[in-house]
Every structure is written in structure tokens, then in C-alpha cells.
1. Tell me the strands (runs of 3 or more DSSP E) entirely within the stretch 197-293 that contain at least 1 residues that are open to solvent by 50 Å² or more (accessible area, probe 1.4 Å).
2. Would you check which residues across the stretch 218-248 are more than 24 Å from the chain's Cα centre (by Cα), on the phi < 0 side of the Ramachandran plot and touching a residue at least 24 places away in the same chain (Cβ under 8 Å) and list them?
3. Condition test on V64, is it open to solvent by less than 10 Å² (accessible area, probe 1.4 Å) and out of contact with any Leu (no Cβ under 6 Å at 6 or more places or on another chain)?
4. Any idea which of (1) more than 23 Å from D184 (Cβ to Cβ); (2) open to solvent by less than 70 Å² (accessible area, probe 1.4 Å); (3) in contact (Cβ under 8 Å) with a residue 24 or more places away in the chain; (4) not acidic (D, E) is the one K6 doesn't satisfy?
5. Can you tell me which of (1) surrounded by fewer than 19 Cβ atoms within 10 Å (Cβ to Cβ); (2) out of contact with any Asp or Glu (no Cβ under 6 Å at 6 or more places or on another chain); (3) at pLDDT 95 or above is the one R329 doesn't meet?
6. So, in the stretch 294-303, of the ones that are outside any loop (DSSP other than H, G, I, E, B) and over 22 Å from H347 (Cβ atoms), which residue ends up farthest from the chain's Cα centre (by Cα)?
7. Picking from T40, T80, which residue would you name as being assigned to a loop (DSSP other than H, G, I, E, B) and open to solvent by less than 10 Å² (accessible area, probe 1.4 Å)?
Amino acid sequence: MNFDVKDLSLADAGRARIEWADADMPVLAAIRERFAAEQTLAGLRIGGCMHVTTETANLMRTLVAGGAEVTLCASNPLSTQDDVAAALVQHYGVATYAIRGEDDATYRAHIDAVIATHPQMTMDDGCDMVSHIHSAYPAQLPEIIGGTEETTTGVIRLRAMEADQALRYPIMAVNDAKTKHFFDNRYGTGQSTLDGVVRATNRLLAGRTLVVSGYGWCGKGLALRAKGMGMRVIVCEVDSLAALEAVMDGCEVMPAAEAAKHADVWITVTGNCHVIDEAAFVNLKDGAILANSGHFDIEINIPWMREHAKAAREVKPLVEEFTMPDGRRFYLLAQGRLVNLSCAEGHPASVMDMSFATQALAAEWMLANKGSLTPKVYDMPENLEYQISDLKLSSMGVAMDTLTPEQEHYLHSWTEGTV
């Protein structure tokens, strides 16, 4: 088996951490047991470009249990957990190409290595593999049954490809599934992002002001958790409905240039570029901490900071200080990359349990519908989402009511009303 990881001697430590995460992922474990019995994915070649974490490792185990041949590379240079990458190779038979801190050339070479296996299905965090196959390996496109995409950023790119009629095979928008974004984006991002900021800086959050750029599900979760930590929350938005929701949720809303005057911590979660730009930098208060929890390192205009700073230095691991000509200092975390995965461990296993259960069932659905799907972005079938939510509630020991026959009849009739 070919692979490229930092150190195989880390494999035992990685396996212990993977098993620790697995203990909090009962839905995925149940799917893995069924996949193993049915050999649901027998002989299928899957290529993944994903965050190489303990939770991802348990998804890879599930695919392998179902009979798939899996090759994996990192979807971000700073999100790889090297012990997990080693364990995937040594203990779980997953050809893995991922090294924490890898340079851009290595990152691209690792994607090429996965594509060289001629995957019949892709799994992406951010659409890098899909876009690279389309641009550099078009001859392989007819071999691909379908794919899945886990991130908001990736789905945005895929929908743009579909609109341009450039997408050549069907992809499931796993990110848009309720079992993903309602929980992973909201509760996972909210907790893990603040965890990353605290681990990197050891700064007290209570009594400080957080500016959140973007009030989608990630921004909502981040604002909720920050308020729970005692922070004042300001939201920057370009969507009036999202801005209105933020106001109704008790946040302040203002333009970035104005919010900059108040920001002790500023976190971007938009999936767009240069969200923190010159208009904000000129007003940014001294000592402000800048971080990004969107997929790519383009949300903060880092080239502007490098061009205009009179000095830059690393003051502690993954914390870079920029000193402006007027003496103001800004602190950039994790090179502007995903702070929750770069400075912490990413989302907790319990919430990734649902996201990766969604991934696994999406792969099964794609294979079952092979040949009948067109090159477009698909939403997760609702019945599969309910399978996951039912399993999750059962694993938590939570029971629900059920409709009586009378209630079922009432909900499907039009003859009963006020009179």
C-alpha cells in the first residue's frame, strides 16, 4: 500500500484516539456494522480529500467495513492529525497521504496521488479534489459514479460548476442535509472554534467583544456559544434576512468598518474572500485577535496585512503578531486557516457522528442509484435523514410521541375545520 504520512510509529497512539472518538459515534458504528454484514460498498474505489481527524478515521473504517477500497488525503494543510494518519495506514488499511503542515506542493501532490487510484466515488471537504479532476484529469470523469461534499464552501463551488454546466458527475450536498448543518455547523463550529481560539491564546473571553462575519448556521452557533461565555457579540452580514435574525437573537449588527472599532476577537465564517479587508483594518483596535473558521484561508486579507505591517513575528505557536506603522498590533491565528482544526481538534465526535453517518448513507445511495443520476448537485433524501435522527435519538435514550390514527387522518384531510 502506498502512503505518505509523518511517522508510522505514531500509529498506536492514533488508534487509541480513534477508538476514543468512536465511543461517542454510535450512529456511525451501527451503520458500520450493517455495512460489514451486507458488504454494501464491495469493490468500490473511493477517493477522499478530507480533514484527517479521529472522526474522519471512523468514517473511513465504515467505508472499508462495507468493502470499499479507500484512499485519503488532507483537505487542509493544518488540519491533519499525524497520529491518526499513521493509524489509518498501519491499522485500518487506508492508503493515506497527509502530513500536518505540508506545503502547497505536497498538498497538491497528495491530491494527485489519490486521483491516481482512479476513484469511482469522491468525498470532498471544500471541492479541491472534484475541481482538480475536472480541470486536470477529464479522461477519468466517465469512471466516476458520484461524490459527496461536506462543506458550505464546497457546495458553493459545486453549485457554481453546475450553473456553468461544468459539473460532469452527480454530487450529494451532504453539507446541506439537516443532519449535518443543523448540528455540525451550529453546535460543532460554535464549540470547536472558541476552543481553538482559547487554546491558541489562553485569553479570557468573558467581558470581551466578538465580531462574527457571517450569520449562517456556523455564525449562529458561534454567536450562541460566545454569548454563553459572557461575550458581547456583533454580527457583520450582507444578507438582510440573516442580519434581521441576528438582531432578533440579541446580537448587534453593523458594517465591518464600524465593527472593527469594537473587536477584541474577530472570527469569519462566510465562505467568501476578503471579508476582513482594508476598510476594517484601518479601524481595527489595538490587540485584536483575528481568526477564520471558514474552509479556505482567504476570508481575512492576509496579503494586505503583510504588505502594510512594519513588522511581523510569531509570538507563540500559530499566533502571528502584525505591527502596523501607527503601533497597533493585530494577532492572526493559524495563518488564517480553520482555527478549530488548526489550533484545536475540530468538532466533537458526537456531532460528527451524524455528519459522517450522512456521508456513509449518501455513498450507499449514490451507488444504489448508479446510472440513473445526472451531473448535478443533489440534496440528501429525507428518508435517509430520518434514519439518522432516529438512530441518534435511540442512542441517546430519548423517546418521542407517535401520531395516533386519528391524528394521521386529521393531518391528511381537508374536510375538518372550524365548523
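The values are calculated or read from the model by the stated rules, or taken from the named source; none is laboratory data. All of these numbers come straight from a predicted model, not from anything done at the bench. Cβ coordinates were reconstructed from backbone atoms using ideal geometry, including for glycine residues, and neighbour counts include every protein chain displayed. Only protein heavy atoms, including side chains, enter the accessible area calculation; ligands, DNA and RNA are left aside. Shrake-Rupley method; radii C 1.70, N 1.55, O 1.52, S 1.80 Å.
1. 232-236
2. M231, R232
3. no
4. The single condition K6 does not satisfy is (2).
5. R329 satisfies every listed condition except (2).
6. Within the stretch 294-303, the match that is farthest from the chain's Cα centre (by Cα) is P303.
7. Result of the check over T40, T80: T80.
Yes/no matrix, rows are residues, columns are (1) in contact with an Asp or Glu (Cβ under 6 Å, 6 or more places away or on another chain); (2) open to solvent by 20 Å² or more (accessible area, probe 1.4 Å); (3) at pLDDT 95 or above; (4) not aliphatic (A, V, I, L, M):
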site: G346; (1), (2), (3), (4): no, no, no, yes
site: A349; (1), (2), (3), (4): yes, no, yes, no
site: T358; (1), (2), (3), (4): no, no, yes, yes
site: A362; (1), (2), (3), (4): no, no, yes, no
site: M366; (1), (2), (3), (4): no, no, yes, no
site: G371; (1), (2), (3), (4): no, yes, no, yes
site: V377; (1), (2), (3), (4): yes, no, yes, no
